[in-house]
Amino acid sequence: YIQPETREVNGVLMTKIMSDNWDKIWNFQAKPDDLLIASYAKSGTTWTQEIVDMIQNDGDVQKCQRANTFDRHPFIEWTLPPPLNSGLDLASKMPSPRTLKTHLPAQLLPPSFWKENSKIIYVARNPKDCLVSYYHFSRMTKMMPDPGSWEEYIESFKTGKVLWGSWYNHVKGWWDAKDKHRILYLFYEDMKEDPKREIQKILKFLEKEMPEEVLNKILYHTSFDVMKQNPMANYTTLPTILMDQSISPFMRKGMPGDWKNYFTVAQNEEFDKDYQKKMAGSTLTFRTEI
Ligand code: A3P
């Protein structure tokens, strides 16, 4: 398996196979009872998926098991060469109510999601930790372009020359969309600070109630240490040819503030300056440590 070629769709970098399938992805038919988990890559998607799955299965761990991680929540735009999975195929075979996953920026979300008013949970993470996580992930997965050196990768991230495009546009686009649609906008740092509070927000959004003991069970099962051992969450069900976790594990650190171990003082200053420019005028703010 070779690292994929990339191509832009409306200024957003995608794998070539995704862009070849773009018409089908754009025309994806959402349903009113779909729940979509949306995020920029490496922002806490899998964590949110695990929480949602546990909630939907009333804390029954057995019911959260699937043949592999990708079967859990169809990843709508994610297409690999046959016979590997295609999110669109999985989604079309899935009985309703469906829970789906996407990393698409709001402006490229298939418009049927807006039209059908499907519920969406968006999770965002501060850009520095997101960048570090994305860098390591890109080193270990063979499904994405090579990140190059750390210095090169910082530039790729800042200029949005990474899969799914600019982090800045992504978080801002979804932030603006939340005022017009049924979107619960979560932050990775809030989840880390007080996971119980954030799980309760998700419960409320899903209009579900839960006994305290089930809530505590979900809290335990979705902690970093337990998820790291869970094959449904740690992506070890995928072959090494797709993810080589000996290079860097999928469940890597799970901590806000790890960026401090990577950015030099100068890189951090440059990054902050650029951040101020790109985020100017937005009410959205991030915590880079908790
Ligand atoms: P790190 O690489 O910083 O460790 P995504 O699922 O969007 O790809 O995000 C992956 C990131 O979320 C990884 O970050 C991973 O360790 C972290 N993560 C996954 N589950 C977590 C949990 N239960 N608690 C904290 N972080 C978690």
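Every residue in the range 114-134 that is within 16 Å of the ligand (Cβ to nearest atom) and either without any contact (Cβ under 8 Å) to a residue 24 or more places away in the chain or of a type in the set (A, V, I, L, M, F, W, C) (or both), please. Outline the logic, then answer.
From the range 114-134, those within 16 Å of the ligand (Cβ to nearest atom) are 120-134; that's our starting set.
Hits for the range 114-134 are 120, 121, 123, 124, 130, 131, 132.
Restricting attention to the range 184-211, the residues being assigned to a helix (DSSP H, G or I), more than 12 Å from the ligand (Cβ to nearest atom) and in contact (Cβ under 8 Å) with a residue 24 or more places away in the chain number 3. Checking each residue in the range 228-267 for being under 16 Å from residue 154 (Cα atoms), more than 15 Å from the ligand (Cβ to nearest atom) and touching a residue at least 12 places away in the same chain (Cβ under 8 Å) picks out only 267. Filtering the range 80-128 to residues that are under 25 Å from residue 241 (Cα atoms) and surrounded by fewer than 16 Cβ atoms within 10 Å (Cβ to Cβ) leaves 81, 82, 83, 84, 89.
Considering each of 94, 54 in turn, give the residue that is more than 17 Å from the chain's Cα centre (by Cα), more than 16 Å from the ligand (Cβ to nearest atom) and touching a residue at least 12 places away in the same chain (Cβ under 8 Å).
On the way: 54 fails: more than 16 Å from the ligand (Cβ to nearest atom).
Answer to the check: 94.
Anything in the range 58-71 that is over 23 Å from residue 196 (Cα atoms) and either crowded, with 24+ Cβ neighbours inside 10 Å or not polar (S, T, N, Q) (or both)? List them, or say none. Listed by number, the residues that qualify are 66, 67, 70, 71.
Residue 279 passes every criterion in (1) closer than 25 Å to residue 192 by Cα; (2) of a type outside the set (Lys, Arg); (3) open to solvent by 70 Å² or more (accessible area, probe 1.4 Å) apart from (3).
Would you pick out the residues in the range 212-224 that are within 14 Å of the ligand (Cβ to nearest atom) and either over 20 Å from residue 62 (Cβ atoms) or touching a residue at least 24 places away in the same chain (Cβ under 8 Å) (or both)? Hits for the range 212-224 are 218, 219, 221, 222, 223, 224.
Quick check, is residue 180 within 18 Å of residue 58 (Cα to Cα) and open to solvent by 50 Å² or more (accessible area, probe 1.4 Å)? Criteria not met by residue 180.
The rows are residues; the columns are (1) in contact with a strand residue (DSSP E or B) (Cβ under 9 Å, 6 or more places away or on another chain); (2) at pLDDT 95 or above; (3) under 22 Å from residue 13 (Cβ atoms).
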residue: 122; (1), (2), (3): yes, yes, yes
residue: 127; (1), (2), (3): no, yes, yes
residue: 143; (1), (2), (3): yes, no, yes
residue: 151; (1), (2), (3): no, yes, yes
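The values are calculated or read from the model by the stated rules, or taken from the named source; none is laboratory data. Predicted model only: the values in this text are computed from it and were never measured. When we count neighbours, we look across all protein chains shown, and the Cβ atoms used for this are built from the backbone with ideal geometry, even at glycine. SASA here: full protein model, heavy atoms, side chains in, ligands and nucleic acids out. Shrake-Rupley method; radii C 1.70, N 1.55, O 1.52, S 1.80 Å.
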